[in-house]
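Student: Have a look at this one before I ask anything.
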Amino acid sequence: MSGGDLRNAMVDRLAADHQAKNLVLRPEVEAAMRTVPRELFTPGLPLEEAYANTAVITKRLPSGESLSSVSAPFLVAEMLGQAADALGGLAGRSVLEIGSGGYNASLLRELVGPAGSVTTVDIDSDVTDRASKCLAAAGYHDVTVICADAEHPVVPGRGYDLIIVTVGAWDVPPAWRDQLTDSGVLIVPLRTFGMTRSWTLRRDGNRMVSHSHRQCGFVSMQGDGASEVRYVDIADGVHLRLDEGQWIDPAATEGLLALPRAEAWAGVALPPRTMLSDLDLWLAARLREEFVVLSAQSEAIEAGTVAPSWQYGAPATLRDGTFAYRSALAWTGKLFDLGSYAHGPQAEAAAGRMVEHVRAWLKAGSPAPVLNVLPAHTPDGDLPDGTVLDKRHSRLVLTFTPDEKGNAE
């Protein structure tokens, strides 16, 4: 198949993927993705791999850690959709992309049209050099490429209608808010409680309020905005992710998973479209003092060491020597039940406690989270009600609004 045929087949799959997620692939995003030749931004890769629905790593550290990538097409399409939905379209808009690869910048250039502008910035000169070459090869000569640390203002005094971040961030620095126009929108993959969501944040004076979010994953930000994730191994191929100042004595986790497993189930039958990523943030907010994130390699799951809800990031707790986590789903036909597995001296109580929080979320109508981002100096009395998470530059407040029949805690 030719590049064009593979590109159209990729977009057809993206449209089906959006429909399965109860999303809509906007016509202009679809048109841009059918236009831009992704293979020119993944040189040296076979055409079939260039159009696979996966990220392409373009730079690694000697340790194997990813430093830069061309993001997976489904995630690119979802984030561009978030931006276009928030702004009512991108035609004529000025856009700053933080994190360069070239492919996303070229799609943005298609979307803003001749009256708009696109600037892409990255801290790594290897990445910006590569992006410049790929953009030129694809014919996008009017994208501005800058090598700088975007933790700080990129072009002092310049305002943007959209800032879209394509690296994993731990905080929202003042420069991002201050570079937005009054009605501007920030799209940022923000890590909270060790879990990353792509948030659409609209500026509202000195604060920002979310209007949509998507589950996602990105390579971590470098430079002054970097914040390292720590891991504790609790068994071969099983890790706990610590991200908000938590500390765990590794000795306290030795042999935990070898203890008998207790389990608890919510006793529900839910459809596949249930937004379980919303549930995971609900659990993080309500179990925050003991909350950690479980990740596991495929070999550990296949061996039965753990059975998490998602191998790359399942909500979990560690308290008084007892470990609990949200388990893999229990399917009956096309519906599923939600459960928790636990190990330790209080295993039954820990599994039951997590499931009670699951039931509370369901009783409240499975509410989605809303994120407020305020400056770090904001007094407690000026914060909205919700779970407060203090970062370096900002105070985040996570809230859940129940439906008419629900009753959020």
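The values are calculated or read from the model by the stated rules, or taken from the named source; none is laboratory data. A quick note: this is a predicted structure, and the numbers were derived from the prediction, not measured. Every residue, glycine among them, receives a Cβ derived from its backbone with ideal geometry; neighbour counts consider all protein chains shown. Note: accessible area is taken over every heavy atom of the protein model, side chains too, but ligands, DNA and RNA are not part of it. Shrake-Rupley method; radii C 1.70, N 1.55, O 1.52, S 1.80 Å.
Student: Ranked highest first by the average count of other Cβ atoms within 10 Å around their residues, in what order do 195-201, 259-265, 132-138, 237-243 fall?
Tutor: Descending packing order for the listed peptides: 195-201, 237-243, 132-138, 259-265.
Student: Using DSSP to call loops (not H, G, I, E or B), can you name the chymotrypsin sites (Phe, Trp or Tyr not before Pro) in the stretch 284-357 whose Cβ has at most 15 other Cβ atoms within 10 angstrom?
Tutor: Filter output for the stretch 284-357: TYR312.
Student: Which value at 222 nm does the chain reach when only helices count, each DSSP H run of 4 or more adding -39,500 (n - 2.57), with the total divided by all residues and rounded to the nearest 500 deg cm²/dmol? List each step's numbers first, then the result.
Tutor: Working: 10 runs with 107 residues, N = 409.
Result for the chain, helices only: -8000 deg cm²/dmol.
Student: Leaving ligands, DNA and RNA out of it, report the carbon-plus-sulfur percent of the accessible area of the chain at a 1.4 Å probe.
Tutor: Summing carbon and sulfur atoms, their accessible area is 51 percent of the total for the chain.
Student: What label, among [x] 143; [y] 157; [z] 132, belongs to volume of the Cα convex hull per residue in Å³ computed from the structure on display?
Tutor: [y]
Student: Can you pull out the GluC sites (Glu not before Pro) in the stretch 280-327 that DSSP calls coil and that have at most 11 other Cβ atoms within 10 Å?
Tutor: Values: sites: GLU289, GLU290, GLU299, GLU302; in loops: GLU289, GLU290.
Loop-located and lightly packed - GLU289.
Student: While we're looking at this one, here's another question. With θ set to phi - 60° and the Karplus curve 6.51 cos²θ - 1.76 cosθ + 1.60, what are the ³J(HN,Hα) couplings of the stretch 375-381 in order, to the nearest whole Hz, using x for Gly and Pro?
Tutor: For the stretch 375-381, the Karplus curve yields x, 4, 8, 5, x, 3, x Hz.
Student: When the Cα centres of the stretch 225-270 and the stretch 97-137 are compared, how far apart do they sit, in Å?
Tutor: Each part reduced to its Cα centre gives a spacing of 38 Å.
Student: Mind ranking 110-117, 275-282, 355-362 by how tightly packed they are, going by the mean number of other C-beta atoms within 10 angstrom, highest first?
Tutor: Details: 110-117: 16.4, 275-282: 20.8, 355-362: 19.0.
My ranking of the peptides, most packed first, is 275-282, 355-362, 110-117.
Student: Helix 3-20 against the longest principal axis of the chain: what's the angle in degrees, Cα atoms only, rounded to the nearest 10?
Tutor: Computed tilt is about 40 degrees.
Student: Here is a follow-up. How far apart, in nm, are the 7 Å Cα→Cβ label points at ALA226 and LEU270?
Tutor: If labels sit at ALA226 and LEU270, their model points lie 3.7 nm apart.
Student: Report, in degrees rounded to the nearest 10, the 0 to 90 angle that the Cα long axis of helix 347-363 makes with the longest principal axis of the chain.
Tutor: Helix 347-363 sits roughly 50 degrees off the main axis of the chain.
Student: Further question: Relative contact order for the stretch 56-215: what percent, with Cα pairs under 8 Å and sequence separation of 6 or more?
Tutor: Values: 318 pairs, mean separation 28.6, N = 160.
Relative contact order comes out at 18 percent.
Student: Using alpha carbons only, how many degrees (0 to 90, rounded to 10) separate the axis of helix 73-87 from the longest principal axis of the chain?
Tutor: Value to nearest ten degrees: 80.
Student: Now for a different question. Given Cβ point charges of +1 (Lys, Arg) and -1 (Asp, Glu) and nothing else, what value in debye, to the nearest 20, does the dipole of the chain about its Cα centre take? List each step's numbers first, then the result.
Tutor: Values: 36 positive and 51 negative charges, 148 e Å.
Result for the chain is approximately 700 debye, rounded to the nearest 20.
Student: Only Cα pairs under 8 Å and at least 6 apart count here; give the relative contact order of the chain as a rounded whole percent.
Tutor: That works out to 10 percent.
Student: Something else: Provide the per-residue ³J(HN,Hα) series for the stretch 389-402, in order, calculated from phi with Karplus coefficients 6.51, -1.76, 1.60 and θ = phi - 60°, each as a whole number of Hz, with x at glycine and proline positions.
Tutor: 10, 8, 10, 5, 10, 8, 10, 9, 10, 9, 10, 10, 9, x
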